[in-house]
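This report refers to the structure that appears directly beneath it.
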Amino acid sequence: MLNKALLEDVLSAALTTGGDFSEVFVEDRFTNRMSLQSTKLEKSLSGRDFGVGIRLFKGLNSIYAYTNDFSKEGLLQAANAAAQAIQGKADKAIILPLMKQNLNAIHPIHLMPNSVDKTRKLQVLRQADQIVRDYHSSISQAIISLLEEEQHVLIANSEGTYVEDTRVRSRLTINAISSNDHDMQTGFYGPGRHQGFEFIEDLNLEHYAKEAARIAVTMLNADPAPSGKFPVVIDNEFGGVIFHEACGHGLEAAAVAKENSVFANKVGEQVASELVTYIDDGTIKNEWGSINIDDEGEEARKNVLIENGILKGYLIDKFNARRMNTESTGSGRRESYKFAPTSRMTNTYIAPGKSTPEEIIANTEYGIYAKYMGGGSVNPATGDYNFAVNEAYLVKDGKIDKPIRGATLIGNGAKTIQKVDMVGNNLGHGAGMCGASSGSIPVNVGQPMLRVSEITVGGKEAN
């Protein structure tokens, strides 16, 4: 990528007007996307993107520039342009010697995506497509997509950090569409891992494709959801998206440092049910949101954010660590060299409890069972959220009853997490993409099945 001497020159150039920290982020990314629609290969795109980001701090001011020109002249020009945004003159640029770090690669990759022929990949897409179509006569369409990414990064800064990493991710998304004369419903599953093509080859296609198809078919024949306030049982895996959006973002230093979070200044206080332990862990082997290092060169780690309902800490990047007078938690992430990093999640989940799923349902006299969550929106400053449920059921007399559709969960994250009154023992993770100020990044959301004593459900008027 870039040699040590050039890196040191660029870091020094960025500090010529009085900055007290400089950083270079180099990225070389290979991407492959394939999509099968209506049994035909609709898309097969491969690309490479290379660029360099240069960042500098002066106190609580941060400047960021990026370039595709990786010649010495181009890089120094970008560094000098960034430096000019700071008015002043340095007595002497202070650069600690760059010492190459030996990376502890904790996510083994066995089959690099670029080493696998595309016909082999197309065969997997066709197989998943066939499973979806064979599930039921009402299935009218299937869209199967493969995303593969191989990202090489180099991070160096004026504090002496000098480290390289390779991240490889693979994800298969399955969309099933079921229709009749007057309606259409969709089902989705999108498993992904921080792995190579070995993940796709070992994937249980039968399970994931049938689940996507089953959701579509089930919801086609579902009754409209009631509206009102109900106990809500949220299933494991992607059910954790509510707490990712409505709580996780509020625990990121980007919001906390500016006191734009309901969790600001509450370390040591009880902010959730004592049944809730909330963790962000980038070290889980080969999970979709896992990392070896963050995008500031800090090692991945396990951060316990809430323990038995007590707020323990936040997710912190280097710049917001300055604002908060603390240290980074290895949480600085970015989509690419085009974005400055900020505090972001990796694999964020609610730890398993002691109840079985059967006990949770049996102890619910009347309520809603949200089996698969969909998309939604949240106000990060207040934690107010609104989420669609892709697959839901009524619960009556401790048993799962008829399917319902059109259910929307409406509430406040800080209040919802306090109303968790049962937590299951079946922790599961779901892969997704998270968008914020530093771009779209791969994250896992997770939880066991849990019950919230009351959530407002949008639907039709209750009977």
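The values are calculated or read from the model by the stated rules, or taken from the named source; none is laboratory data. Please read all numbers here as calculations on a predicted model, not as lab measurements. Note: ideal-geometry Cβ built from the backbone for every residue, glycine included; neighbour counts use all protein chains shown.
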Exercise for the section: Have a look at 142, 176 and point out the one that is at pLDDT 95 or above, touching an Asp or Glu at 6+ places or on another chain (Cβ under 6 Å) and not assigned by TED's automatic domain parsing to the domain that holds residue 440. Expected result: 142
Completion exercise
Among 372, 314, 349, the single one that is more than 30 Å from residue 228 (Cβ to Cβ), within 18 Å of the chain's Cα centre (by Cα) and among the aromatic types (Phe, Trp, Tyr) is 314
Completion exercise
Filtering the range 328-344 down to residues that are part of a loop (DSSP other than H, G, I, E, B) and under 21 Å from residue 106 (Cβ atoms) yields 328, 329, 330, 331, 334, 341, 344
Exercise for the section: Return the total of residues in the range 408-422 being touching a residue at least 40 places away in the same chain (Cβ under 8 Å) and either within 22 Å of the chain's Cα centre (by Cα) or assigned to a helix (DSSP H, G or I) (or both). Expected result: 9
Handout entry: Selection within the range 357-378 - crowded, with 17+ Cβ neighbours inside 10 Å and of a type in the set (S, T, N, Q)
Key = 364
Handout entry: residue 153 being in contact with a helix residue (DSSP H, G or I) (Cβ under 9 Å, 6 or more places away or on another chain) and either crowded, with 16+ Cβ neighbours inside 10 Å or not in a loop (DSSP other than H, G, I, E, B) (or both)
Key = no
Exercise for the section: Run down 88, 74 and say which single residue is small (Gly, Ala, Ser), surrounded by 13 or more Cβ atoms within 10 Å (Cβ to Cβ), touching a strand residue (DSSP E or B) at 6+ places or on another chain (Cβ under 8 Å) and not assigned by TED's automatic domain parsing to the domain that holds residue 171. Expected result: 74
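Say we look at the range 217-265 and pick out the residues that are in a loop (DSSP other than H, G, I, E, B), touching a residue at least 60 places away in the same chain (Cβ under 8 Å) and hydrophobic (A, V, I, L, M, F, W, C); which of these is surrounded by the fewest Cβ atoms within 10 Å (Cβ to Cβ)? Before you say what the answer is, go through the steps one by one.
Filtering the range 217-265 down to residues in a loop (DSSP other than H, G, I, E, B) leaves 221-222, 225, 235-236, 257-265.
Remaining after also requiring touching a residue at least 60 places away in the same chain (Cβ under 8 Å): 221-222, 225, 235-236, 257-258, 260-263.
Applying the additional criterion that residues be hydrophobic (A, V, I, L, M, F, W, C) yields 222, 225, 257, 262-263.
On the way: 222: 18, 225: 23, 257: 23, 262: 22, 263: 23.
This residue is 222.
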Practice task
Working only within the range 382-438, note down all residues that are among the β-branched types (Val, Ile, Thr), closer than 21 Å to residue 356 by Cβ and touching a helix residue (DSSP H, G or I) at 6+ places or on another chain (Cβ under 7 Å).
Solution key: 395, 400
Practice task
State all residues of the range 196-209 that are touching a helix residue (DSSP H, G or I) at 6+ places or on another chain (Cβ under 9 Å) and either buried (at least 21 other Cβ atoms within 10 Å of the Cβ) or of a type in the set (A, V, I, L, M) (or both); if no residue qualifies, say none.
Solution key: 196, 197, 200, 203, 205, 209
